[in-house]
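The values are calculated or read from the model by the stated rules, or taken from the named source; none is laboratory data. This one's a predicted model, so the numbers in the text were calculated from it and none came from an experiment. All Cβ positions, even for glycine, are placed from backbone atoms using ideal geometry, and neighbour counts span all protein chains on display. In case anyone asks, the SASA skips ligands and DNA or RNA and just uses the protein heavy atoms, side chains included. Shrake-Rupley method; radii C 1.70, N 1.55, O 1.52, S 1.80 Å.
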Amino acid sequence: MTGPVRRLGARDVEIRVVDVLGLSIRVAVWRGERPQPPLLVFNGIGAGLEMLAPFADEMSGTTVIAFDVPGAGESEAPPVPYRLWMLGVVVGRVLDELEVDRVDVLGVSWGGAAAQQFALQNPHRCRRLVLAATTAGMVMLPPRWSVLKAFLTPRRHNDPAYLHQVAGRIYGGKAVEPGVLEGFGGTSRRGYLLQQMALWGWTSAPWLPLVRQPTLVLAGRDDRVVRPANLRLIAALLPDARLHVLDDGHLFIIASARETADLVGTFLAPTTTEAGTS
């Protein structure tokens, strides 16, 4: 099922609103020609799908699906707080509406927690997993207070001047290079709070050994938000994981989009056996 097409970044993208479980969810699909499952992306806290355009541009042969989390971007906020497992159910229904059966999954920062939950709940629907700049939840090694306090409110999403003032300090790496911050957009305080509440008390550490999907774990060497030690822990707990550290900060999926896409594309490429059965 397709929707209206417009230009976002260097690729055409279909953007439409899908109504599932009483919520209106904005979804983007960048279509590719490679014979493999689409890549479903769970974005960071407060982020709209436009932020992913540089990465989607570099994944030009792959179908990429992204969505605004309920309460972020242009997706409707739910009337009550939700947990990550509930978001997993919503996203499953979105895929049903898109007529997509099986996906590879990539989760970035906050979205990495949601991606871990989705992979656990959908072992047959999720083929492979990519976890970027994320944590196992409550057991994480936290950032410094000077960084953490910038994430207590959505101000950096709603105040461009403030974002440019703090980006280098809180994100590290190439965050202040030209173009990196262009995808940031506004988000509501309520939607942001609901995303924070979805993570309260959550941890994947006890059950990560049950996640059987082959997993690529990506860390930024200069990530001030999610220290690389958090990704090393995730890679150690997963039964089939490989870890790669990029010379960048928390926003490497944007600032180092080509390098990230090369790593992800290689990891997701079908094996000889998979290609023979497609």
- line: When the range 229-253 is checked residue by residue, the ones that are open to solvent by 20 Å² or more (accessible area, probe 1.4 Å) and either among the β-branched types (Val, Ile, Thr) or free of Cβ contacts under 8 Å to residues at least 12 places away in the same chain (or both) are Ala236, Val245
- prompt: With respect to the numbered conditions (1) at pLDDT 95 or above; (2) surrounded by 15 or more Cβ atoms within 10 Å (Cβ to Cβ); (3) out of contact with any Lys or Arg (no Cβ under 9 Å at 6 or more places or on another chain); (4) not charged (D, E, K, R), which one is the sole condition not fulfilled by Ser188?
  reply: (1)
message: I'm trying to understand the selection: among the residues of the range 80-91, which are open to solvent by 10 Å² or more (accessible area, probe 1.4 Å) and under 16 Å from the mean Cα position of the chain (by Cα)?
response: Trp85, Val90
query: Do any residues in the range 39-52 that are more than 8 Å from Ala66 (Cα to Cα) have Cβ atoms under 6 Å from those of residues that are among the polar types (S, T, N, Q) and part of a helix (DSSP H, G or I), where the two are at least six apart or on different chains, and which pairs are they?
result: Ile45/Gln195
task: Filter the range 203-234 for residues that are hydrophobic (A, V, I, L, M, F, W, C) and more than 17 Å from the chain's Cα centre (by Cα) and give the result.
output: Ala205, Trp207, Leu208, Leu210, Val211, Ala229, Leu233
field: the range 256-277, residues that are in a helix (DSSP H, G or I) and modelled with pLDDT under 95
entry: Thr272, Thr273, Glu274, Ala275, Gly276, Thr277
task: Give, as residue ranges, the strands (runs of 3 or more DSSP E) completely inside the range 54-142 that count at least 2 residues that are in contact (Cβ under 8 Å) with a residue 24 or more places away in the chain and in contact with a Gly (Cβ under 7 Å, 6 or more places away or on another chain).
output: 126-132
